[in-house]
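A quick write-up on the structure given underneath.
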Amino acid sequence: MKVRFVKGVPQALFPSFVSALAQKNEENNYFVTRWNSDIERYLASFEFVEEYSFAGVLSTLNSGGFSRVQKVSEIGDFSLTGDVITFWQPGFGDPVRLSYFGDEMEEISTIDATTGRSLRKLKNLLLGNINELTDKVDYDNIRVETKYERFSETAYVNIGRLVEVKRAFPGGQNQMYSGTTEMDLQSPPLFFKNTELITNYVTEFTGKGYLVTLITKHNKALPRTLSSLKNVHINKSELNLAGNHDDNYAFVGQILKNGGRDLEMGFVSHELNLIVLTDRELFGTVFIGSRRNKSLKSSQAQKLLKKLEGEIELEDLIVHEDYGVGIYKGFVMEDEREYLKIAYALEDELFVPLEQLHKLTKYIGDEKPELTRLGKSTWERVKSSVKKQVAIAARELARHYANVELANAVEISSEDSNSYLEFCNEFEFELTEDQIKSEREILNDLAKGKPMSRLLIGDVGYGKTEMIMRAGFKVAEVGLQVIILCPTTVLAIQHYKNFVKRFKKFPLEVGLLSRNNTQIKNREILENFEQGKVDIIIATHRALANDLKPKRLGLLVIDEEQRFGVKQKEKIRKLEAGVHTLFVSATPIPRTLAMAMSSIQDISMITTPPPGRRAVETHVQKLNWHTIVKAVSAEVERGGQVFFIHNEIKTIPSVVAKLQGLIPDLRITVAHGSMPPENVDKVVTDFYERKYDCLVATTIIENGIDFPNVNTLIVNNAHRLGLAQMYQLRGRVGRSSRQAAAYFFYQGRNLPAENEIEVVKTESDLKPAKYIERLEAILEAQELGSGFRIASRDLEIRGAGNLLGAEQHGSIAKVGYGLYMQMLADEIEKLKT
């Protein structure tokens, strides 16, 4: 074995450093973030596993500290099934499977711990004796990057050490050498939102000829003066590092390129005259979701929680799974190691090493949770009580899962019929990769003979409706019926018109159950559905009435499922028995997420926007009619239309009068929920046909309206709306390749200026008014695909009390939404094994 000392690589930067080396050397790497004699002995025990016979591997696992179990679920486990050995060793995010034919090793691969599905093939593998790791804390300090199929013979070790493991020569022993590799990557200062310090620091070093790169997700929060400085680059990940530098620095640019906007920390190199600052240094934020959460084995659960977690900022509430609820206070350095500092009750403090970030979740729950006292058994009692409630909820979900598993459904061939291909070709846009993947997942489910239970998650305008149409066509063409449930009449009408347009060339009948219809019309549709004359029904909760009796129901689609009430969902469950079910949402509710994370419900995610889609420019400001006139006039002048949202019916006439007085030629129409349904339908239709320039409406247009020609949104009194409402409203514009804009006007306390950071000065500043938090959140989440971020932030602002029952809400309040979801998913996985 060869040990080489490496100086000048900050601990938090080491993963990016190793990744850059892997890119340069085209190999994978072991690395550790802590050095001690146990880890040194463990690395020295490494042998290449492909040199072992079947019996030799078993012997090594038995003598090397691994425990034989029926199913591998955590580090240190191994199992034996026929000629297959599975084990989970330190450093790996997933177990490893060795497949033998007799004594000949056929394949080495990592697998998903829950499903057993093969993830990545490996050419070779190092296996060590974990008896050498007397403290299991060291498991968290060892990681393996398996980016390339060719596995590395090198273990890179931080805290100044680089270890190379070479195959032992016959009759010889591995030997240790010493050497030093000098690096010049230093930790930058931490500014913690102080704009004056940031500006002074950057100005000073750019004046000295340094190149300064700012990698941030919060461009608008940067001081405006920085963008005008020479040698300052914002979110530029590829740098031309000119000059004759030692080869040791050649991969610094690769570190930036690999990390991009997810780079975990910045650095300073005086040798290169280079400074890189990230959100960590600028604002003190940490993105928890970027790290693997080891307490969940399901890759599906990992993917969902990564979406839901996100950044923690200074003074955010945070939950440590072992120590409880505290307040995040930033970074500290102790003994050349970096820690997150968390404040607890009675001025207690906890320093959490970076390699244990997977134990942290952002607190989402009640407004004022009780901080935990360290050194007491309080937190264990809290977790124990929550676990009892989690077990009850898990059993209820597991029963649902068992019923689905026992039920049978009609098998619908996944092969594409000529009519299905013709139907798909009618779609005027090219599918994104995510849409293609989601379509195949849905069709494969339909072909299994078991009832599909799939959650389709996609941001506003990302093509979920097309997936519903294709699933509906596939089911209806074989003679089965389809029910599509919508939360609002407006959305049901919109779907109906789209379905009729797409299905008109095919011999399939589409019906609409709506309050717009007469009772006689609705009764006729229901009778035809019962007789099998109607293939697809689109409806609101009207379809859940007792008189709905399909002849041969094959597919149930619940669109925007988070909008249905408890009683409605109970009726939905009765329809689900033996029926393929597709849930569709941009912001799914906790119960649905729990089912998806525990694999009770499969999930498809559409995360990529359609080609040409642009993010909506979002503006938040005090009510300003001059700005409104300018924005509306500009949109109409370019041939577009405008949504003007005013969510107070009695004052709509005065708003219309004001707007008409300022823009006399503007063609204005009005829609709200107190109007007769047939009138609302006519207004919406006329507006769609461009007979009007501006639709003044309540939030009745929140869901499902798709008008590509409407690319300016004005929202009055936005401070009265919920965050999810604002997000859904903004999704009504920007549905074409045109640049769209959304203006949220509010009354009350001023928000911080868009280009400045509000420095926390007093305790009252830590808890701004709820509407301030909501408006800041909608302003921050401007990038495409922010649906999960909005869902998480919305839960954080208003809690989960109105989304779950009282007992579950109490549990979430105690441990936070993130940890609660982990515990629930874990409990369900146990029940399923």
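We did not get these values from a lab; they are worked out from the coordinates using the rules stated. Only a predicted model underlies this, so the values are computations on that prediction, with no experimental measurement involved. With ideal geometry, Cβ positions are generated from the backbone for all residues, glycine too; neighbour counts draw on all protein chains shown.
A few notes on this one:
- Built amide H within the under 5 Å cut-off of Ile603, gap 5+: Leu455
- Cα gyration tensor shape for region 50-126, rounded if a/c is under 1.5, else prolate or oblate: rounded
- In region 455-565, the alpha-carbon atoms span a convex hull of 103 Å³ per residue.
- Distance from the C-alpha centroid of region 315-383 to that of region 180-211: 29 Å, rounded to the whole angstrom.
- Pairs exceeding a 26 Å alpha-carbon distance, out of Lys71/Lys121; Lys622/Lys658; Lys622/Lys691: Lys622/Lys691.
- In this simple spin-label model, placing a label point 7 Å from the Cα along the Cα-to-Cβ direction at both Lys208 and Asp135 gives a separation of 3.7 nm.
- Pairs beyond 26 Å (Cα-Cα), from Lys497/Lys630; Lys450/Lys830; Lys359/Lys830; Lys497/Lys521; Lys474/Lys549; Lys521/Lys551: Lys497/Lys630
- Reciprocal of mean inverse Cα separation for region 380-470 (Kirkwood radius, Å): 16.2
- FRET efficiency, Lys236 to Arg552 (Cβ-Cβ, R0 45 Å, nearest 0.05): 0.15
- As a calculated quantity, the FRET efficiency between Glu422 and Val84 at R0 = 35 Å, using C-beta atoms, amounts to about 0.20.
- Summary of packing: across the peptides 203-213, 350-360, 75-85, 273-283, the per-residue average of other C-beta atoms within 10 Å ranks them, highest first, as 273-283, 350-360, 75-85, 203-213.
- Summarising the amide proton neighbourhood of Val710: residues at separation of 5 or more, or on other chains, whose placed amide H is nearer than 5 Å comprise Gln641.
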